[in-house]
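Read through the structure below, which is laid out as structure tokens, and then see the notes.
The values are calculated or read from the model by the stated rules, or taken from the named source; none is laboratory data. Remember, it's a predicted structure, so these values are computed and weren't measured experimentally. Here Cβ is always computed from backbone atoms with ideal geometry, including for glycine, and neighbour counts include all displayed protein chains. Ligands, DNA and RNA are excluded from the accessible area calculation, which covers all protein heavy atoms including side chains. Shrake-Rupley method; radii C 1.70, N 1.55, O 1.52, S 1.80 Å.
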Amino acid sequence: MNTLIVYYSLSGNTESIAKKIEHSINADVLKIETVEPYLGSYDEIVEQWQEEVNKKIKPDLIPSEFDPEEYDCIIIWSPTRRYTIAPAVLSFLSTYDWTEKTVIPFVTNWWNAGTAIEDIKKACIWANFECEKEILFDNEWWHQCLTETEEINEWIQSINEVCEN
């Protein structure tokens, strides 16, 4: 299968996991970026995200060189804020046809992922889901990963097995 890693990262933690997986499997990488960058303190950005979630706003995204519809296996990562995926990720997921794609949903958070993985699944209608994962970070700007390295490495190996078929 040809594989695409798609991620959105504000603090850099989701990006660090994406890079780790990129080095472990053969995949292209697409970073989701909004046309209007989020500015302000962490709390101000989280407030803005919450407003976007409440109003069902999907921010405009910078076009990418990769088209997910050309891939068989898509690994989708989002930070979790206020118990759901980032609005930019929802905007991205709403743009494509996920029929019969293998989608691997992954979220990072510091306490409770809420409905984040289910929200990815709802947005990727008709996809096949494998290897979903929640990775925990501390709540001080998410600088320290609390999920054991061995657990993450085993998960990456399972992704590799799924995406190789």
Test: PHE129 is out of contact with any His (no Cβ under 9 Å at 6 or more places or on another chain), open to solvent by 30 Å² or more (accessible area, probe 1.4 Å) and farther than 21 Å from PRO37 by Cβ = yes
SER91: under 24 Å from ASP43 (Cα atoms), touching a Pro at 6+ places or on another chain (Cβ under 9 Å) and outside any strand (DSSP E or B), yes or no?
-> yes
Every residue from the stretch 36-64 that is of a type in the set (Asp, Glu) and touching a residue at least 12 places away in the same chain (Cβ under 8 Å) = GLU36, GLU52, ASP60
Is one or more of the residues making up the stretch 53-68 hydrophobic (A, V, I, L, M, F, W, C), in contact with a Pro (Cβ under 6 Å, 6 or more places away or on another chain) and assigned to a loop (DSSP other than H, G, I, E, B)?
-> no
Count, please, the residues in the stretch 22-35 that happen to be within 14 Å of VAL89 (Cα to Cα), part of a loop (DSSP other than H, G, I, E, B) and either touching a His at 6+ places or on another chain (Cβ under 6 Å) or open to solvent by 60 Å² or more (accessible area, probe 1.4 Å) (or both).
-> 2
Using the structure shown, decide if THR84 is open to solvent by 50 Å² or more (accessible area, probe 1.4 Å) and not charged (D, E, K, R).
-> no
